[in-house]
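Everything on this sheet refers to the single structure shown next.
A short reminder: the numbers here are calculations on the coordinates, not readings from a lab. Keep in mind that this is a model prediction, so the values were computed, not measured. No Cβ is skipped: glycine too gets one built from the backbone with ideal geometry, and neighbour counts run over all protein chains shown.
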Amino acid sequence: MLEDEPEAAQVLEAARSTMRYAVRQTAMRGPPLEQGDALIDYLTMTMAHEPRELFRVLYLDARLWLIRDEMLGMGTIREAPAYPREIFRRAFELKAAAMILVHSHPSGDPRPSKADLDLTRRLMAIAAEVDVPIKDHLVVTRSGWLSFKAEGLL
């Protein structure tokens, strides 16, 4: 029986990879902000069940279509590093016109912490100065998600 376990694990990982690809393709058929549930499904599948907090940025072009989805921070169960210099350096390299910030909360509680709010305010101020607006900041968990924009936090 133990001989079959590696093969079963490979089959499950292949199925998961295929699902992740299909969900990403659906989510990226248009501007991410217009994809609603498809974008949330993609983000949930790719980061909500990780045991540590992740921070990523969706870089958008002038039409608000995705240029690049990049993981910029992998942290602990309570925080992930997010460095403004790196976030905006990458935006300039990609010639991004806007961004969507995304991070996970392994706790399952999508409510932003004080540190989340402080970081978002700091990034918003920089974004205004360099004309690369932040369109939303999403917190994704295994039990739900939160949009800073919908909550009036942007």
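Remark on TRP145: its backbone amide H falls under 5 Å from none of the residues 5 or more positions apart or on other chains, H modelled at 1.01 Å from N.
Computed extension length for SER113-ILE67: 13.7 nm, one decimal, from 0.36 nm per residue of separation with the Cα-Cα distance subtracted.
Each label was represented as a point 7 Å from its Cα along the Cα-to-Cβ direction; for LEU154 and GLU129 these points are 2.1 nm apart. By the rule of a C-alpha distance below 20 Å, with chain neighbours fewer than 8 residues away ignored, the lysines paired with LYS149 are LYS114, LYS135. Couplings 3J(HN,Hα) for segment 82-93, derived from phi with the Karplus relation 6.51 cos²θ - 1.76 cosθ + 1.60 (θ = phi - 60°), are 9, 9, x, 4, 6, 4, 7, 4, 5, 4, 5, 4 Hz, where x marks Gly and Pro.
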